[in-house]
Amino acid sequence: MKDHACLNSFNSRQKGVTLIELIITIVILGIALSALVSALSQGISQSATPIWESKSLELSQAYLDEILAMKFDDATLSGGGEVLAASAPCTLSNEGQARAQFDDVDDYHNVTDAPPALIESSINMAQYAQYQASILVACAGTELGLAENRLAKRITVTIRAPSGDTRSVSVYKGNF
């Protein structure tokens, strides 16, 4: 009989998870899920960055194509070549004309377009409505080893993406 009572008490015990074990499991799962959500949200917030960067580069290239197709300055003959007054130092002379009348690199100095606007473009400009383009032109002959800032200009195009990130591209235009 004694054996039978011992067997009954063993079988009557509850088999399963206690309340404390359940609470500890929920807390551990909560911590793990919050870490997972945090990592995913970080990745998702950065997922558009490569698209913005490639669009910024494409827009920079379109601006530079337009600017580099222009004359070096007002004193340069059409089609390039020697400066008419070769002894004159590099100058920046924006005549303040309408964009469609820009005819040399200097005219683009301190231009800011929001949204970007090109004189002629093969790209769809509607996709850049949220972007901003800024252009700076500077005499840069000494940067290239030329005397007295002559015969070279540095053109810097800066594009601000909708995210607020900026990308700058600089090129040199020579007059020789």
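The values are calculated or read from the model by the stated rules, or taken from the named source; none is laboratory data. Keep in mind that what you see is a predicted model, and the values were worked out from it rather than measured. No Cβ is skipped: glycine too gets one built from the backbone with ideal geometry, and neighbour counts run over all protein chains shown.
The table below gives the values:
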{"item": "Count of residues meeting criterion [in contact (Cβ under 8 Å) with a residue 24 or more places away in the chain and exposed (fewer than 15 other Cβ atoms within 10 Å of the Cβ)] in the range 91-113", "result": "3"}
{"item": "Among the candidates Ser54, Ser34, residue that is among the hydroxyl-bearing types (Ser, Thr, Tyr), part of a helix (DSSP H, G or I) and either modelled with pLDDT under 90 or closer than 30 Å to Ser168 by Cβ (or both)", "result": "Ser54"}
{"item": "From the options Ala117, Ala129, Ala88, residue that is under 30 Å from Thr49 (Cβ atoms) and at pLDDT below 85", "result": "Ala117"}
{"item": "Residue check, Thr166 within 19 Å of His109 (Cβ to Cβ), at pLDDT 85 or above and exposed (fewer than 14 other Cβ atoms within 10 Å of the Cβ)", "result": "yes"}
{"item": "Candidate set from the range 137-163 (those that are β-branched (Val, Ile, Thr) and in contact with a helix residue (DSSP H, G or I) (Cβ under 9 Å, 6 or more places away or on another chain)); member that is modelled with the lowest pLDDT", "result": "Thr142"}
{"item": "Unmet criterion (only one of (1) out of contact with any strand residue (DSSP E or B) (no Cβ under 8 Å at 6 or more places or on another chain); (2) modelled with pLDDT under 80; (3) among the hydrophobic types (A, V, I, L, M, F, W, C)) for Ala75", "result": "(1)"}
